Amino acid sequence: MKIAARSRIKSPWLFHLNTGSCAGCDIEIVATLTPRYDVERLGCILVGSPRHADVLLVTGPVTRQMLPRFIRVYEQVPEPKVVVAVGVCAISGSPFVGSQMIEGPPDKIVPVDVYVAGCPPRPEAIVNGIVTALKKKFG
Amino acid sequence: MNTVIILLITFPLVFLLSLLFEGIDRKVHARMQKRIGPPIIQPFYDFVKLFNKERIIPMTASSRIFTTVPIIAAAASILGASIPVASLIAGSNVGGDLIIILYLLTISPIMVMIGGSSSGNPYGAVGFSRKMTMLIAYEVPMLICILSVSVNYTSLAYYDIVLTQVKIGSLLALARPSMAAAAAAFVLCMPAYTETVPFDMSEAKTEIVHGSLVEYGGPYLGLVKLAKSASNFALSFLAVSLFFYTPALLERYFSPELGGAMLLCLVTTLIFMVFTMTVPRTIFARLKIGQAFKFYWLVPLTLSIISVALSILGL
Ligand code: SF4
């Protein structure tokens, strides 16, 4: 069982879901994957299908259009999974608070493990968020 | 009886070696991009993790096919990789000749293709059609290469061809012009066979979301990945031992009985794999399916036909 837990920490595959963010956070997530920050040294790969993923990176407040899709993508990620909310939007809905189009923030809909604050957060913060989430869940 | 035991011992060996080679491949790839890269044992972590995940079978999939296909793919490619390794260890022909090895290695892409189309996902269908196109593009030159080798040495037995190189004391690729052309065509076909980057349109992540693999998750994905790395290893090993069997050059120092020849062959395989898969994967971008098809029917096919013509002429 220990080997399984260790390999889960060592090989988190990321899936990135934009639930209506301004794309600022998404660009920072892309920056995290560049050779400068090199998350592959931690075993992370960005995968294109939620079925392959372990870590769901959620950005943005959940818009009304996005709500059913968000739930569906969350359900498609096989257990055990980790959800990381990236950006202030995904924490509280920040600039969109009070809008009638907003159903979020994400933690109202699915359990969120770690919140990464910032508008947008720096790549270092995102890496730290992923590592913290894995330690918290499997460590 | 003895050969069966050797084949069974080779199974775990091939499993470990193919994952290790994949790890080294990823490390070199990262280093070429000035990154630190994942640890060399990363594929083992991935494999164990995938095996400890939930199994999800999509509602749209025909579940029987969807779940059995990865097992067949992994078994076929590990068996295909074990036959050459076991033949070299045993020092005789184990399990079958070249045609069987090549067809075992072809089973795994076909199985993944069927799995993708049985998942009911439209991207799986796109992956199916692209993989089919590529299969037609690279399979023909590759088989003609093997045909040329067999015309030259009137043998299809794998170990006989390896022995021929030891006997003439030179690499097969350097022995005759016909064999040089065959080796070149074989090497050019390898990236398409293993679907590494310039020819990975059927599994293009950013384009068709992993193609056939899109609905696979958990243990099934682990098996498909294992099948892929086993066939990478098998093809490099096959190419090295058929065309570039380096122990033949250093026969005095590496007697086949001591396992030194095997070790040297594996090291050559590693270097060969880095140059035929990792380097192109790092420096090229993905081609379009039409360009790849045209390339395969222009260059490797011509080379392999030239090679057959030369070997019929006795060169
Ligand atoms: S947190 Fe800021 S950068 Fe990120 S999605 Fe919201 S507004 Fe954009």
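Here are some notes:
- The helices (runs of 4 or more DSSP H) located wholly in the stretch B:179-279 that include 1 or more residues which are basic (Lys, Arg) and either within 14 Å of chain A (Cβ to nearest Cβ) or touching a residue at least 40 places away in the same chain (Cβ under 8 Å) (or both) occupy B:205-208, B:218-243.
- When residues in the stretch A:81-109 are screened for being of a type in the set (A, V, I, L, M, F, W, C), under 15 Å from the mean Cα position of the chain (by Cα), within 20 Å of residue A:26 (Cα to Cα) and more than 11 Å from the ligand (Cβ to nearest atom), 3 of them pass.
- The sole residue among A:119, A:44 that is within 13 Å of the ligand (Cβ to nearest atom) and either over 24 Å from residue A:135 (Cα atoms) or at pLDDT below 90 (or both) is A:119.
- Residue within the stretch B:68-86 that is more than 14 Å from chain A (Cβ to nearest Cβ), small (Gly, Ala, Ser) and within 20 Å of residue B:155 (Cβ to Cβ) present: yes
- Within the stretch B:7-59, tally of residues that are more than 14 Å from chain A (Cβ to nearest Cβ), surrounded by fewer than 19 Cβ atoms within 10 Å (Cβ to Cβ) and not aromatic (Phe, Trp, Tyr): 7
- Tally of residues being surrounded by fewer than 19 Cβ atoms within 10 Å (Cβ to Cβ), more than 8 Å from chain B (Cβ to nearest Cβ) and either part of a loop (DSSP other than H, G, I, E, B) or in contact with a helix residue (DSSP H, G or I) (Cβ under 7 Å, 6 or more places away or on another chain) (or both) across the stretch A:19-41: 7
The values are calculated or read from the model by the stated rules, or taken from the named source; none is laboratory data. Everything quoted here is computed from the prediction, not taken from an experiment. Glycine gets a Cβ as well: all are built from the backbone with ideal geometry, and neighbour counts include every protein chain shown.
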